[in-house]
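The values are calculated or read from the model by the stated rules, or taken from the named source; none is laboratory data. What you see is a predicted model; the values in this text were computed from it and never measured. As a convention, Cβ positions derive from the backbone with ideal geometry for all residues, glycine included, and neighbour counts pool all protein chains shown. Note: accessible area is taken over every heavy atom of the protein model, side chains too, but ligands, DNA and RNA are not part of it. Shrake-Rupley method; radii C 1.70, N 1.55, O 1.52, S 1.80 Å.
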Amino acid sequence: MAAVEVPVEKWTGKIREVKLGGNGRKSVVVGGANTLPFLCFEGVQAHRPAVAIEVRDKEPRDWSPHLVSAWGDALKSPGAWAKKAAEYGADIVYVRLASAHPEEGNTGASEAKKTAGEVLSAVDLPVIFVGPDVAEKDNEVLVAVSDVAKGQRVGLGNCVEKNHKTIAATCIADGHVAIAKTPIEINLAKQLNILLCDVGVQPDSILMDPTTGALGYGLEYSYSVMERLRLAALMGDGMTSMPMVCTVGEESWRQKESKATSDVPKVWGDHLQRSLVWEEVTAMGLLTSGADIVVLRHPRTVAAVKAVIDKMTK
Amino acid sequence: MALTGIEIYKFLPKTNCKKCNFPTCLAFAMKVASRVVDISACPDLSPESRAALESAGRPPIRLVTLGGDGHKVEVGNETVLFRHEKTFYHPPALLVRVKDTMPKADIEKLVEEVDAYQVERVGMKLSMDGFAVHNASKDADKFVQAVEAVTAKSNLVLMLMSENPVAMEAATAKVASRKPLLHAATKDNWNAMLEVAKKHACPLVVRETSGLNELSDLSEKTSQAGVEDIVLDAGINDFRSSVDLLTQIRRQALKKNFRPLGYPVVTFPGELAASADEEVLLAAQHIAKYAGVIVLEHFSPAVAYPLLTLRLNIYTDPQKPIQMAAGVYEVGAPKAESPLCVTTNFSLTYFSVAGEIEASGFPSWLLVCDTEGLSVLTAWAAGKFDAERIAKAVKQFNAGDKVSHKSVILPGKVAVLRGELEDELSGWKVLVGPPEAMDIGGFFKRTWKA
Ligand code: B12
Ligand code: SF4
């Protein structure tokens, strides 16, 4: 009988463990793997990938009717929305402070504090807060949120190369986790982690958002950049070994396959099912290449993705 | 594994006799390595050297052709573990299972639907590859009838699934020219199944679910017995162990050059799934890592489309984004007074825009700028889609000669380029379209008097 040797790689590095929450809140630890995603024969996935649900501080104007009907009136209140997200099985609540965008209401620190307070008291799950991705506004609202959430170890983002110092400083001061966002490029991702560490953020207080391309809209780029980041980390590069967050729902539901309600080819099939599978397959693709947190939008996608993660990691 | 020139040189006569029309054996070897000429151009190569070269040059994962008359699909011959290392070459075949216990009318309906299914993306037509006809009844006549019902409706690839060599022979004899993939030779039926595969020169699945040692033994025995077109079945259908097994097989083949596992692998992501949603997620994982043939239990367009799209994404060459030639394209049958739109030469961008223009009922001219295959914002951020480049393209392709109005529509995402472009293109009016192509129809309706 052929004795097939099990081809085990001797990785020298491992993914950092990053904790969100705690201190009275529930906590979730992500990362900790010392092998490639879902491989069981050569290492351990210390923590299963987490599923976050996206919540907005303002009722979205242009969301698919399928999302609107799934969430109903909860869309009008971030607290109610977060509570429902917890009921639907979210491990983490991911709050986008969209209304701070100059074109979406240009709200400021006081509104951000109110939103943060509502969400933090509505649920005991770990929370991530991200700004509108406009530098000055991000700094304004995230510093405000940081203060309200002091000690509760929330995630704050997005730190980008050109705008990371203020957010990093507030993360350090209040004990939060910085989300480092870079545009699908391995060196930029590493570079930003280095910059954050240089200003004093602990490496285990950083999550990377390497930018998500949805299925059919750049997924293959995200897939390979994440795979390369993961391999670099396993080969011992401590500046690429931060766990990764992917904004799967946001990217997937913005594409025509999910957005268009009529006038699409018949071969695209049922609109709801297609939208759900689009989100699920985007999530699965990125989990396979190394995502540690996937941020989703539809409750049914959350259920499906969680069920499969359970089965793959048990 | 492809051999280098030096490795090939070692096998040559080293006489520099020039009969191959190259000055030296080494020069010839280099050309063979880069596939400019075939090794057979050297008349003095000894049979032993030729055999050794062929065996050393054999790909670590065999290329297996499924199908004969009608539709053909090639699977296997992958060379890397990670797509960024080079690219993945042969997308896994997606087959839908048809059980011979289904009523004939249901079989026909399913087969017609799968056969006709075709969805267009980035100018490519994506479709399913065929059917796995399963002898679930264990009755040879029923199996033959089901196979005939399928082949009467479709030319797509066939995999025939039966443990019973008699049923297999009966069904294969009916469709031998279609070169079905036979599933499966096991420890118990090996001799007889092997004979069916040999007799009809069909590719054969070797199935052994107790472990990779046992699977390797069976596959080695099969190739030694003269059947080389092998597909491996390690019973991969489980959420927990799929990626383990697929990774181990791929690593054995590529990193250890271990021949008995150097074949494409078939998987069954729906066998243990609780729902069609779970099946599609496991199938998605199998597409990324590392299936060669995937047998699905369910088919519906809303699931097939995302899976086919994932397969296209994963199997796109990372070194070259799919791109278009720059130039002025006609979408519909535009006239001089039709709109002139500008976009980039990333195919995904081009086809998104062209598709929406077509659907809008406003035929248009579409000026495609060379952005080295980058999307609108990516190209803009990389400095490859700016006012200067757009103006240059307008002039280079004489866009002004096509239209009577001298106005050009920019993608909404690069609205910032408007002022600069007006400066660069004196006498032109620059309009800003919507950020997403799907809103182009509404934009034309509001702004364009056709
Ligand atoms: C995939 C991707 C890449 C891929 C390249 C893909 C490619 N071939 O273009 C890679 C990884 C290589 C890449 C690289 C970079 N990227 Co990039 N990338 C993306 C990503 C995820 C998706 C882009 C995409 O494919 N979109 C799909 C296509 C179809 O969209 P599109 O071309 O815009 O077309 C749509 C519309 O514009 C419209 N449209 C198009 N033409 C027209 C014409 C008219 C008339 C109208 C009306 C409409 C219209 O129709 C289409 C459908 O709606 C986006 C972020 C995101 N999630 O969107 C970032 C993004 C575009 N990248 C970004 C950046 C910064 C970069 C880099 C500069 C990073 C770096 N420093 O390395 C590099 C630059 C490339 C280089 N130097 O070689 C930024 C741009 C930021 C900005 N606003 O300036 C983005 C937005 C990410 C971010 N948020 O930071 N990127
Ligand atoms: S024909 Fe063969 S032996 Fe002669 S030079 Fe060419 S490679 Fe060398």
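Checked against (1) at positive phi; (2) free of Cβ contacts under 8 Å to residues at least 60 places away in the same chain, B:GLY361 passes all but condition (2). Only residues that are among the small types (Gly, Ala, Ser), at pLDDT below 95 and on the phi > 0 side of the Ramachandran plot were counted across segment A:1-42, and they come to 2.
Within segment B:33-44, being at pLDDT 85 or above and either assigned to a helix (DSSP H, G or I) or away from ligand 2 (no atom under 11 Å from the Cβ) (or both) holds for B:ILE39, B:SER40, B:ALA41.
The single condition among (1) over 26 Å from B:HIS298 (Cβ atoms); (2) in contact (Cβ under 8 Å) with a residue 40 or more places away in the chain; (3) within 16 Å of ligand 1 (Cβ to nearest atom) that A:GLY218 does not meet is (2). The residue pairs whose first member lies in segment A:199-214 and is over 13 Å from A:ILE293 (Cα atoms), whose second member is among the acidic types (Asp, Glu), and whose beta carbons are closer than 6 Å, counting only pairs six or more residues apart or on different chains, are A:ALA214/A:GLU251. Here segment A:286-312 is the region considered, the condition is being of a type in the set (S, T, N, Q) and facing chain B (nearest Cβ under 8 Å), and the residue that is nearest to A:THR212 (Cα to Cα) is A:SER289.
Could you please let me know if B:ALA56 is outside any loop (DSSP other than H, G, I, E, B), touching a helix residue (DSSP H, G or I) at 6+ places or on another chain (Cβ under 6 Å) and of a type in the set (A, V, I, L, M, F, W, C)? Taking the combined requirement at face value, the residue does not satisfy it. For B:VAL328, the criteria (1) within 18 Å of B:GLY441 (Cα to Cα); (2) touching a strand residue (DSSP E or B) at 6+ places or on another chain (Cβ under 9 Å); (3) surrounded by fewer than 22 Cβ atoms within 10 Å (Cβ to Cβ) hold in every case but one, which is (1). Screening segment B:208-311 for helices (runs of 4 or more DSSP H) wholly inside it with 1 or more residues that are facing another protein chain (nearest Cβ under 10 Å) and surrounded by fewer than 17 Cβ atoms within 10 Å (Cβ to Cβ) returns the ranges B:212-224, B:242-255. All of B:GLY70, B:GLY76 fail the test of being open to solvent by less than 50 Å² (accessible area, probe 1.4 Å) and either touching a residue at least 60 places away in the same chain (Cβ under 8 Å) or within 16 Å of ligand 1 (Cβ to nearest atom) (or both), apart from B:GLY76. Exactly one residue out of B:ILE61, B:ILE107 is of a type in the set (A, V, I, L, M), over 30 Å from B:ALA354 (Cα atoms) and either part of a loop (DSSP other than H, G, I, E, B) or within 16 Å of ligand 1 (Cβ to nearest atom) (or both): that is B:ILE61. Per the listing B:PRO47, B:PRO23, B:PRO13, the residue uniquely touching an Asp or Glu at 6+ places or on another chain (Cβ under 6 Å) and not hydroxyl-bearing (Ser, Thr, Tyr) is B:PRO13.
Only one of the listed residues (A:ARG56, A:ARG48) is of a type in the set (D, E, K, R), within 16 Å of the chain's Cα centre (by Cα) and within 14 Å of another protein chain (Cβ to nearest Cβ). That residue is A:ARG48.
Taking segment A:9-45 as the range and being more than 14 Å from chain B (Cβ to nearest Cβ), of a type in the set (D, E, K, R) and without any contact (Cβ under 8 Å) to a residue 40 or more places away in the chain as the test, no residue passes. When the residues of segment B:354-369 are filtered to those that are at pLDDT below 95 and either closer than 14 Å to B:GLY123 by Cβ or under 30 Å from the mean Cα position of the chain (by Cα) (or both), the one that is nearest to ligand 2 (Cβ to nearest atom) is B:ALA354. Among the candidates B:ALA152, B:ALA192, the residue that is over 27 Å from the mean Cα position of the chain (by Cα), surrounded by fewer than 19 Cβ atoms within 10 Å (Cβ to Cβ) and outside any loop (DSSP other than H, G, I, E, B) is uniquely B:ALA192.
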